[in-house]
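Data first, discussion second: the structure below is written as structure tokens.
Read-outs: derived from the displayed coordinates by stated rules, not from any lab. Note that this is a predicted model, so its numbers are computed, not measured. For neighbour counting, all protein chains shown are included, and Cβ atoms are generated from backbone atoms with ideal geometry for every residue, glycine included.
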Amino acid sequence: MNQEKRGWKDRLASWQSFFTNKKTVKSARITYGVVWNLLLLLVIVMVVGAGFSGGAAAGYFASLVKDEPVRSYEKMRKDIYNYEETSDLYFDDNVYLGKLRTDLYREEVKLDDVSKHLVNAVVATEDEYFYEHDGVVPKAILRALFQEVTNSSTQSGGSTLTQQLIKNQILTNEISFERKAKEILLALRLEKFFDKKEILEAYLNVATFGRNAAGDNIAGVQSAANGIFGVDAKDLSLPQAAFIAGLPQSPFGYTPFSSDNGKLKEDLEPGLTRMKTVLSRMHAGGFITEKEYNTAVAYDITKDFIKKTDSGSTVDEYPYLTFEIEKRAVNILAGILAEKAGYEQKDLEKDKKLMGEFQELADRNLRQNGYKVHTTINKKIYDQMQKTAKNFRLYGNDKPEQVKDPETGEVKTIQEPVEVGAILIENKTGKIISFVGGRNFEREQLNHATDAKRQNGSTMKPLLVYAPAMELGQIQPGTVLPDVEVYLNGPGSPWPHNYDRTYSGLTTARKALTKSYNVPAVIAYKNILNQKPTQYLEKMGFTSLAKDDHTNLSAAIGSIAGVTVEENVNAFGTFANGGKFVDAYLIDKITDKDGNIVFKHKPKPVDVFSPQTAYLTLDMMRDVINQGTATPLHNRLKFSSDWAGKTGTGHNYYDSWFVATNPNVSFGVWNGYDTQKSLELRYNGVSYGARNIYLWADLMNAAYDVAPELVDPDKRFEMPGGIVRRSFCSVSGLLPSKACSSAGLVQTDLFNAKFAPTRVDDSLSTNRFVRVGDRRYFALDSTPSEFVETGGVTIDPSYMESLIGHKIGNAAQLMPRQENSKILVASSKLSDNGKTPAPLAISGSGKAVSWGTHPENDIIGYRVYNNGKKVATVRAGSSLSYTGGNGSIHVTAVDIAGRESAASNIVKIGEEKPKETPKPADEKKPEAAKKPQEENKPQVENKPEEKKKPEAGSNPPEEAPSGQGNGQ
């Protein structure tokens, strides 16, 4: 034992000697110094690095929130407790419509009236550190940031209940570091102002919970409890509370009800699994016991889901109207919010992202602030029009259309109906009094009155052609335009052409619009195209013109990118307003819940046409209804008013239009399929155009039944000063000449005094003419008078060619299509060949002689001689024969210059057996002589149309598709 003690003492002494040895002490000091310095350096580097990183992070954070204002307690309280008090909607005259359609129906509830199970379930599931943190959980934020940077597939979110409340009530749902930084800053600030109970209560009223049994989106635990289980929030059982608490993570993924009218989903497993997750977290957090957990997990929650219910929303009864009010109100408020933020409307139009942000804020504003939105819609008229449109029986048959299911990709065939869009606008104010958005909102949520863009066919003619051309002094109602075959698209097939592929010849602008002729309209438009006539459309509210629409001649007949019914009808009101365009509107005013006016519509008239142009256009469109393409309207209205309107047909009969205006209102109706399909030309015996006009009349009658003083004013359009009535020559539009008057071609019409004709007509000539068959040629001074005609007047086709800038293929088409026309179109001058005609060869039989057509092209007729004395004159192209008494007959040919051929062979007639004089060999060529002249035979001149008595029940001809054959 003593020996062991000595051993330990020796070893201890040895160790002490080692550590006290100078060499060891020196080495230890050196090592200590090195280690200390290294540790010190490491600490310094870590401190500096942390300071630098923290400074950089702080600086970056500050840059993200530099634009965020310092919000006061009052401001934050207002925002947080603003539980989307849904706005009220009103018809005109303060008639209540209902609550604004909202995706988030909610009922506010106090925290004390919420089941403790639900409160605990929300905290355990959404924010386990809720009662401990000051608004944010740093490690959760760092975890979420790491997952974002590394693109981790497992997302666990870093938002506390406080942050979620900030995001829902103050900020947008934009995904960006800037928004997240503001969210953190505001969450910290909110926790300083409010206690946990207030924050939790606000969250429970704000959070979204999917859909209720009516298919409506719901927010707030009270709406969720009522809409899913049919109980109040305070009466929720543990399983029910767990189910609801699980919904906010994926409201539409876990909700038990579908958007299809609130039907119960076939697959409920996602929501049930989520409920079990919530129960597990409640158990882990100590909120429920093991027994409560097991009992709740085993409970069949599906038996508690309530059956489908009706929401009672305005969307159910007024879907088109509700969505239209919402859309326009959001746009108005977005503009107001943008203006307050220092932006102009043009900034929003250029930056779609910026526009989207303000629209999102405006949408939230509209649903949160309890606004009262007053519209211009007359409830009685609106209701009657919907009923009338639904009961109309002449739309036509449905047509098949193949569609692709967006979810399955399966292609299936559906039946597509003829749709309708109609709108009634008050002219002087621009109020939209009523509209018809379609036949079935559930089939397609497209408002065909305000959003669907279609070609407007010939309703474009007064807007883009005749009114602008009159404003520019290029035409007047009495201006004469050629309606003939032209090739404005270049060689090939003629374009444009009229609906019946016939031409009316020389016609006035008034008649061209009345009958909706395409050719004169395009020619008139071509003559003003370099003066940018589409500027008038833009002044009248056309917003969807494509680049090509400004240069294409086909725009004159409505072949454009598209226009809405609202825009098209609104433009017609310009004429009723004396040339001033008043933009249509539906939102009259918006007030806040305290009655303060947030927005009030103020009309801003735009000068488009002079009063003279406006009235002349109206007067021309009166004829469309009285004697033109809109005559099916006759006897269809219950009242008589001063209507002026225009029909229109789209390319390939895709669209049918009728728009008309009177001194009070403008009303238009469009029919067509949603996809491009031709309307049936006749259905139940009624043409496509007449069907649309009948619907127009039925809808207008419905409006008259409830508001006759509005749609049937007792006044007519007043003629302004500066309009005169003048006589003009119907072949030129100029003042009548003596030739025009003598031919009975004088007409009268209204003119803008500034552009009334001052020059006497010089297009007509009283020059003599000769007729060769059905063609007319100017006579020469030497042309024998016996072949010259002097009745009527002649017109040189080169005059009309100068108007259109194109050569007329068939000058005979200039002949007006009317009975007893006295306008004679001279085809050209008959060319004189400068030599005496060769003699003829004739033959006889009984008391008649005959001969063939002379081979020379300048022959205008023949002289018949009996025994050397002239007994008859026969015009070229007539029946080349003569029947007379006894005698010796010979015939001579006469040319345009008056030269007469030598005598033909002599034939004796009147004898029992007349002997024919032998013919020289070189004269026996009747067939050879006939052939050249047949090749040169002129075209048959157009004859006036034969008037036929219309059949019973028949309708006047309608215009064809305006774009047909336009080359587009």
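For segment 274-411, report the convex hull volume of the alpha-carbon atoms normalised per residue, in Å³, without decimals.
Numbers: hull volume 43.2 nm³, N = 138.
Value for segment 274-411: 313 Å³ per residue.
Suppose each label sits 7 Å from its Cα in the direction of the beta carbon; what would the Arg501-Ser72 distance come out to in nanometres?
Output for this residue pair reads 8.0 nm.
For Arg510, Arg725, which order do you get if you count the other beta carbons within 10 Å of each Cβ and list the fewest first? It would help to have the intermediate numbers written out before the result.
On the way: Arg510 24, Arg725 10.
Lowest count first: Arg725, Arg510.
Can you find, among Thr502, Leu463, Ile423, the residue farthest towards the positive end of the dipole of segment 415-711? Put +1 on the C-beta of Lys and Arg, -1 on that of Asp and Glu.
Of the listed residues, the answer is Thr502.
Just report the Cα centroid separation between segment 411-469 and segment 647-695, whole Å.
Cα centroid of segment 411-469 versus Cα centroid of segment 647-695: 10 Å apart.
Each residue of segment 524-531 in order: what ³J(HN,Hα) in whole Hz does its phi give by Karplus 6.51 cos²θ - 1.76 cosθ + 1.60, θ = phi - 60°, with x for Gly and Pro?
4, 5, 4, 6, 10, 4, 6, 9
When the chain is fully extended, how far beyond the present Cα-Cα distance does Tyr96 get from Tyr81, taking 0.36 nm per residue of separation? Walk me through the intermediate numbers first.
Numbers: separation 15, 0.36 × 15 = 5.40 nm, distance 2.66 nm.
Between Tyr96 and Tyr81, full extension yields an extra 2.7 nm.
From the C-alpha coordinates alone, can you work out the Kirkwood hydrodynamic radius of segment 478-573, in Å? Write down the numbers at each step before the final one.
Values: mean 1/r = 0.0695 Å⁻¹.
It works out to 14.4 Å.
Short version: what are the Cα gyration tensor semi-axes of segment 655-751, square root of 5 times each eigenvalue, largest first, in whole Å? Spell out each step's value before the answer.
Numbers: eigenvalues 297, 114, 26 Å².
For segment 655-751, the ellipsoid semi-axes come out as 39, 24, 11 Å.
Report P(r) for segment 415-711: all Cα-Cα distances, bin width 10 Å, range 0 to the bin holding the largest distance, values in whole percent.
Binned Cα distances yield the sequence 6, 29, 37, 21, 6, 1, 0, 0.
Compute the FRET efficiency between Arg443 and Arg768 as 1/(1 + (r/R0)^6), taking r as their Cβ-Cβ distance and R0 = 56 Å, and round to the nearest 0.05.
Working: r = 70 Å, r/R0 = 1.26.
For Arg443 and Arg768, the calculated efficiency is 0.20.
Please give the length that would be gained between Arg725 and Asp112 if that part of the chain were fully extended, namely 0.36 nm times their separation in residues minus their C-alpha to C-alpha distance (nm, one decimal).
Numbers: separation 613, 0.36 × 613 = 220.68 nm, distance 8.39 nm.
Gain in length upon complete extension: 212.3 nm.
Whole-Hz ³J(HN,Hα) for each residue in segment 351-357, computed from phi via Karplus 6.51 cos²θ - 1.76 cosθ + 1.60 with θ = phi - 60°, x for glycine and proline: what do you get?
10, 5, 5, 5, 4, x, 5
Subtract the Cα-Cα distance of Ala284 and Lys869 from 0.36 nm times their separation in residues, and report this length gain in nm to one decimal. Provide the component values of the computation, followed by the final result.
On the way: separation 585, 0.36 × 585 = 210.60 nm, distance 13.63 nm.
Full extension of this stretch gives 197.0 nm more.
Give the Rg/Rh ratio for segment 426-542, taking Rg as the radius of gyration of the Cα atoms and Rh as the Kirkwood radius, to two decimals. Write down the numbers at each step before the final one.
Details: Rg = 17.6 Å, Rh = 16.5 Å.
Ratio value, two decimals: 1.07.
I want to make sure I understand the PRE zone here: with the label point 7 angstrom from the Cα of Glu786 toward its beta carbon, which residues in segment 838-878 have backbone N atoms less than 15 Å away?
Within reach of a label on Glu786: 860-876.
Order of 587-596, 358-367, 427-436 by packing, highest average Cβ count within 10 Å first?
On the way: 587-596: 14.0, 358-367: 20.4, 427-436: 23.8.
Averaged packing, sorted descending, gives the order 427-436, 358-367, 587-596.
Using each residue's phi in segment 496-503, evaluate 6.51 cos²θ - 1.76 cosθ + 1.60 at θ = phi - 60° and report the 3J(HN,Hα) Karplus result to the nearest Hz, with x for Gly and Pro.
Values, residue by residue: x, 9, 8, 4, 9, 6, 10, 10 Hz.
Once amide H atoms are built 1.01 Å from N in the peptide plane, which residues 5 or more positions from Glu128, or in another chain, come under 5 Å H to H?
Under 5 Å from the amide H of Glu128: no residue qualifies.
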